[in-house]
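One structure is given below, encoded as structure tokens.
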Amino acid sequence: MSSASQQLANGVDRSKGIPVVQNYIGGAWRPSSGSAAVLVMDPSLGSQIAQLPLSTAQDVDAAVRSAAAAFPAWSKTPIKERAQVFYRYKALLERNLDELAALVHEENGKTMPEAIAEVEKSIEVTEFACSMPQLAAGEILDVSNGVECRIDRFPVGIVASITPFNFPLMVPNWTIPNVLVLGNTMILKPSQLVPLSAIRIAELLKEAGLPDGVFNIVNGAQETVEAVCDHPAIDAVTFVGSTKVARIVYQRATSHLKRALCLGGAKNHLMVLPDAHEEMAASNIAASMSGCAGQRCMAASNLLAVGQVDHIIKRLCEEARKIVPGKNLGSVISKEAKERIERYITEAEQQGATILVDGRGTHVAGKEDGYYVGPTVIDFVRPDMKIAQEEVFGPVLAIMRTKTLDEALAIENNSPYGNAASIFTQDGGMARYVMERASAGMIGVNVGVPVPREPFSFGGWNESKFGAGDITGRSSIEFLTKPKKTTVKWNPEAKKNWMS
């Protein structure tokens, strides 16, 4: 393990020479009961960091029993006291920012500035959770003389979160603070590709004073996810990953009568009009398509070039060439991902598209075994090409030419996904036109990555999300709590009417 992962105090067993990642159950680190294992790699170097045994249904059951035992006391703890744990956790995230960013960089391959931004977003969502005592307060109203109605919010129970590789710290923190401040207990199943940040999350939560059993980690792959979906004592499941798996998890979890909120993939469309500010549009689009090596569901994937915008495309290519693998562009997650991304590029070229900036065959000096794809801009892509329709999940931008904004909107609306869409223009009327007509849950105007800031919630439309509500912000309160409605009458002498 490198210097970043060596700082992990717990969670890995080094007795056999190769670090072995463990589960976190009941406040203690425990080995998995499974016999199969996968390697945890540093994708920027192509070198092994650790080994991760794949947990079984038995391990999931142990975590559920731990969470169930902790639930009565934690759920009865006043919400203001629960929030105090997360004030301390937020301070620990801030104090350990550099170490956490180094760990994210090591196991995910993103650049250090991107990893720092991920920690900073984790701090922001934790800060929002600390406001839950005010946001999730009950309601009371005198509905008639001597009669009052009230609503109190109660935790759902045990919540399981299944998180992806692309944000090993941030996406777990989309759910952990809100889930726990609202009185639930929790099981986290991190991606088997990036389990180390979750270890530090557990350590910091314990240091912040979270009682044992309230938060648990079970590592694994498909069998672990299926056990989470099937376990009768788990009350709610959140998932972030590909649309294919999100649909399966949603169907399986809800078939067992659980609440489920599953976020899937994306094919985000950015529309650029001739009047767009050239420098702002080009730099924003280039950053959007290449940030986190394009491995984010909010990345620019398709550029809909409306009318005569060659001057902006030229500037965009200039900006893309400033993005240098190994410097300000991180690696993709695996050798298989690199090969898959490059196949998309080659197939588009074979089908008649023009490669303006080519990131295939990228190697970084000193990191020759790392998994890098350079920024790639492809022009004259047709809407029927696979690269225009499928999620590439790499630093690749496909440009489709349209004559009108309505033609561009038709392409965007025809996509089965619906995470994000943006328009670049200086015309407020055209911006409003797209805001009202784009089929996406998050819209940007002159913004390449339209991620809402807290307290506004994150969530897409169509096949980018399965389930009601959003995973962060105020919307998460409805998903993570259940309301109890009480009507009270104390005054028998009150005037009677139909409301009393």
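Values in this text are rule-based calculations from the coordinates and carry no lab data. Computed from a predicted structure; not experimentally measured. Quick reminder, even Gly has a Cβ in these numbers, built from the backbone with ideal geometry, and neighbours come from all protein chains shown.
General remarks:
- Counting only the Cα atoms, region 59-188 fills a convex hull of 124 Å³ per residue.
- Net charge of Cβ neighbours under 9 Å - reference Gly459; Lys, Arg +1; Asp, Glu -1: 0
- Globularity ratio of region 157-238, using Cα Rg and 2.2 N^0.38 Å: 1.01
- Global form of region 307-376, assessed from the alpha-carbon gyration tensor, a/c cut-off 1.5: oblate
- Percent of Cα-Cα distances greater than 16 Å, calculated over region 388-500: 71
- Extension reserve of the Glu390-Arg14 stretch, reckoned as 0.36 nm per residue once the Cα distance is removed: 131.3 nm
- Cut-off 15 Å, label 7 Å out along Cα→Cβ of Trp490, residues of region 144-186 by amide N: 144-150
- Highest to lowest packing among 327-338, 480-491, scored as the average C-beta count within 10 Å: 327-338, 480-491
- Overall shape of region 427-482 was characterised from the C-alpha gyration tensor. The equivalent ellipsoid obtained from it has semi-axes of 25, 13, 9 Å, in decreasing order.
- Fully extending the segment from Ser33 to Ala410, taken as 0.36 nm per residue of separation minus the present Cα-Cα distance, adds 130.6 nm.
- If you sort the three axes of the alpha carbon gyration tensor as a ≥ b ≥ c, you get a/c of 1.5 or more for region 45-128 and a/b no higher than b/c, which makes it oblate.
- Estimated 222 nm signal from helices in the chain, with DSSP H stretches of n ≥ 4 weighted -39500 (n - 2.57), rounded to 500: -11500 deg cm²/dmol
- Over region 228-346, volume per residue of the alpha carbon convex hull, in Å³: 148
- Mean separation of Cα contacts under 8 Å, 6 or more apart, over the residue count of the chain: relative contact order %: 18
- Expected-Rg normalisation [2.2 N^0.38 Å, Cα atoms] applied to region 4-105: 1.31
- Cβ-based net charge around Asp42, under 15 Å, with every Lys or Arg adding one and every Asp or Glu removing one: 0
- When the Cα gyration tensor is reduced to axis lengths a ≥ b ≥ c, the ratio a/c is 1.5 or higher for region 23-69, and with a/b above b/c it is classed as prolate.
- For the chain, the mean projected area of the C-alpha convex hull, equal to one quarter of the hull surface, is 25.8 nm².
- Burial ordering of Ser457, Ser122, fewest other beta-carbon atoms within 10 Å first: Ser457, Ser122
- In this structure, the amide hydrogen of Ser301, modeled 1.01 Å from its nitrogen in the peptide plane, lies closer than 5 angstrom to those of Asn268, Leu270, counting only residues at least 5 positions away or on a different chain.
- Local charge for Gln351 was computed over the other residues whose Cβ lies under 12 Å away, with Lys and Arg +1 and Asp and Glu -1, and equals -1.
- Here the translational diffusion coefficient of region 316-425 follows from Stokes-Einstein with Rh set to the Kirkwood radius across Cα pairs; for 37 °C and 0.692 mPa s it amounts to 219 µm²/s.
- Relative to the 2.2 N^0.38 Å rule of thumb, region 252-300 has a C-alpha radius of gyration ratio of 1.76.
- Neighbour-count ranking [beta-carbon atoms within 10 angstrom, fewest first] of Ser197, Ser288: Ser288, Ser197
- The length gained by stretching the chain between Asn328 and Arg340 to full extension, at 0.36 nm per residue less their Cα-Cα distance, is 2.1 nm.
- Eigenvalues of the alpha-carbon gyration tensor of region 374-435, scaled by 5 and square-rooted, set the equivalent ellipsoid semi-axes at 22, 13, 12 angstrom, largest first.
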